Amino acid sequence: MISRLPRGLKHTLMYGFSIALMKGVSLIMLPIFTYFLTADDFGRLEIISSLAVIGSILVGMGLEATLFRFVSESEDPTERKRIAANIFSLAIFIGLCAALCGWHLASIVANYLPGNPSVYEIQLTFLVLSLEGCIAIPLGWLRLHDRVYKFSAITVGRALLQALLVAYMLWLGGGVTEILESTLIAAVLTAGVLIYLQIKDTRLNVNLKNIYQLLIYSTPLVASGIVAFGLNGLDRWILADHATLTDVAHFGVAAKFSLALILLLQPFNMWWSPRRFIVIKQQDGPHEVAKFVTIGISLTLILSVLVGLSSPLLIAWLLPDTYAISAHYVVGLVIAMACKEIAELVNIGCFTGETTSSQLVINIIAASIGISMMLLLTPNHAVWGIIYGLLAAQITRLLLFFYTSQYFLPLPYPKLPLLLLSCLSIAVIVLGSMTSELFLQIIYLLTGTLIVGLAALLLKLLPLKMSAQ
């Protein structure tokens, strides 16, 4: 049956499944983590994971987005390979520097990081981060050339290997350290395979002039990512300073369930992200881009209702009772996550110039608002102070990205229908979260998701038939 599906849809499903496994290992393993680890240990793991967020931004250097941007512009296959080889060579160099620096600076980082992680745990984290570019660039190259079967085999293999290693280590009595060791083993094996495939396909190429041009484009992306760390990483550090590691654990559980929204959107995002720059240059490109972005926004809103109303049920069924309070935090985090994802869809105009400095400015403004509110509210409101800050920041970020992108690249969005669907989705999520009775929660989940889905169809935001590129 799958073989009879349109090529674009089939590839979308395969991309979605594989990337959801790769990025969703921590969510899938959550019941095991909360069973074998104490709340404080899980909170410490969240702190270390937040270090990995900022580390991946620095080591990744925005090179994956740079790969999509510059390779998509070239029509010459030889030139495409040369560009990819340049970017990959730069990624390897950055990775080697990150490994050496991280290993020797781990003791300093461990002293300043909340949660009292060990030096060895920080060293393991930096070693995993050093492989970031060696994994991301080859995977991006596979996506650009629709090598979906190879992409899926590698990503699914890594996810399954990591999950099995972590489960085995915890079953033997291991803890946070063993989880990080398992992550490193899976990353090393994956990077080894991808480095071989990439060099075989494009070889390595070092052209300082071209690398300088690439860095001009990618540096604002890195700076934007560092600023955005304030909304995805620094929140755990602020919470640990003003509350407890147990509060960090409860917040972390809610955040991982809200992450399900991103995972469910991966089929669309993984298919659309590398193609948007190609589509915009086609005949009637602006209308086509607006159509696909509108589809993406509609899917985000529908899935937000699904995740926001199903997460409390899953937390109650799958996790120990000590994490029940996490169910109350999911609603706010899902709405914040939806704003973040929609902002990533509508910001295409910010990528069309020679630099991406507008993203940096927007992220600075949004992060400043979010961090200020978190610092102001967290001492008295703990987890809710963090959530209010994140909501304010992501809403600001969405509005600024939309209007800035429209300035650089005006697109004919159906604004009023999208606004109506957004208001309906938020209302359904908030109203559905107000009950704690199991039967009513299930009813709200089913009817709420159906209502928002039907509304998207009636407002003509979702086509009944979609052509694949």
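The values are calculated or read from the model by the stated rules, or taken from the named source; none is laboratory data. Since this is a predicted model, take the numbers as computed values, not measurements. Note: ideal-geometry Cβ built from the backbone for every residue, glycine included; neighbour counts use all protein chains shown. Areas reflect the complete protein model, heavy atoms only, side chains present, ligands, DNA and RNA absent. Shrake-Rupley method; radii C 1.70, N 1.55, O 1.52, S 1.80 Å.
Seen from all sides and averaged, what is the projected area of the convex hull of the Cα atoms in the chain, in nm²?
Across all orientations, the chain yields a mean hull projection of 21.5 nm².
Compute the FRET efficiency between Glu73 and Lys23 as 1/(1 + (r/R0)^6), taking r as their Cβ-Cβ distance and R0 = 25 Å, and round to the nearest 0.05.
Taking R0 as 25 Å, the efficiency between Glu73 and Lys23 is 0.35.
Could you work out how far apart the two model spin labels at Asn111 and Leu189 are, taking each label as a point 7 Å from the Cα in the direction of the beta carbon, and quote it in nm?
Those two pseudo-labels are separated by 3.8 nm.
Return the FRET efficiency for the residue pair Leu458, Ile364: r is the Cβ-Cβ distance, R0 is 41 Å, and the value is rounded to the nearest 0.05.
So the FRET efficiency works out to roughly 0.55.
Which distance in nm do the two modelled labels at Tyr35 and Tyr149 give, with both placed 7 Å along the Cα-to-Cβ direction?
Label-label distance for Tyr35 and Tyr149, simple model: 3.6 nm.
May I ask which of Lys81/Lys150; Lys200/Lys340; Lys23/Lys340; Lys23/Lys150; Lys81/Lys209; Lys81/Lys340 have a Cα-Cα span longer than 26 Å here? Could the numbers behind the result be given before it?
Details: Lys81/Lys150 18 Å; Lys200/Lys340 37 Å; Lys23/Lys340 17 Å; Lys23/Lys150 17 Å; Lys81/Lys209 16 Å; Lys81/Lys340 33 Å.
As for pairs spanning more than 26 Å Cα to Cα, those are Lys200/Lys340; Lys81/Lys340.
Over the chain, with every protein chain in place, what whole percent of the accessible area is carbon and sulfur at 1.4 Å, could you tell me?
Whole-percent figure for carbon plus sulfur exposure: 69.
At most 13 other C-beta atoms within 10 Å and a DSSP loop state: those are the exposed trypsin sites (Lys or Arg not before Pro) I care about. Give me the longest piece of the chain that has none. Intermediate values should be presented prior to the final figure.
Details: sites that count: Arg203, Lys281, Lys460, Lys465.
For trypsin sites (Lys or Arg not before Pro) (loop position, at most 13 other Cβ atoms within 10 Å), the longest site-free span of the chain is 1-202.
Once the whole set of protein chains is in place, how much accessible area is left on Cys101, using a 1.4 Å probe, in Å² to the nearest 10?
About 70 Å², ignoring ligands and nucleic acids.
With each run of n ≥ 4 DSSP H residues scored as -39500 (n - 2.57), what mean residue ellipticity at 222 nm is computed for the chain after dividing by its residue count and rounding to the nearest 500 deg cm²/dmol?
That calculation yields -27500 deg cm²/dmol at 222 nm.
To make sure I understand the rule: partners must be aspartates and glutamates, Cα under 12 Å from the Cα of Lys291, and not fewer than 8 residues away in the same chain. Which ones qualify?
By straight Cα distance, Lys291 reaches no aspartates and glutamates at all.
Rounded, prolate or oblate for region 1-147? Axes are the square roots of the Cα gyration tensor eigenvalues, ordered a ≥ b ≥ c, and the cut-off for rounded is a/c under 1.5.
Oblate is the answer for region 1-147, as a/c is 1.5 or above yet b/c matches or exceeds a/b.
Roughly speaking, what is the stretch gain from Ile442 to Leu318, that is 0.36 nm per residue apart minus the C-alpha to C-alpha distance, in nm to one decimal?
Between Ile442 and Leu318, full extension yields an extra 43.1 nm.
With the radius of gyration and the Kirkwood radius both derived from the Cα set of region 389-469, what is their ratio Rg to Rh? Display every interim value, and only then the final one.
On the way: Rg = 16.2 Å, Rh = 15.2 Å.
Dividing the radius of gyration by the Kirkwood radius yields 1.07.
Efficiency by 1/(1 + (r/R0)^6): what FRET value for Lys281 and Leu375, r their Cβ-Cβ distance, R0 = 56 Å, to the nearest 0.05?
0.80
How large is the accessible surface per residue of region 149-277, computed with a 1.4 Å probe and reported in Å² as a whole number?
Roughly 41 Å² per residue, with all protein chains present.
Name the residues of region 115-149 whose amide N is less than 15 Å from a point 7 angstrom out from the Cα of Leu100 along the C-beta direction?
Within reach of a label on Leu100, which here means backbone N under 15 Å from a point 7 Å along Cα→Cβ, region 115-149 contributes 130.
Region 181-208 to region 255-269: how many Å between their Cα centroids?
26
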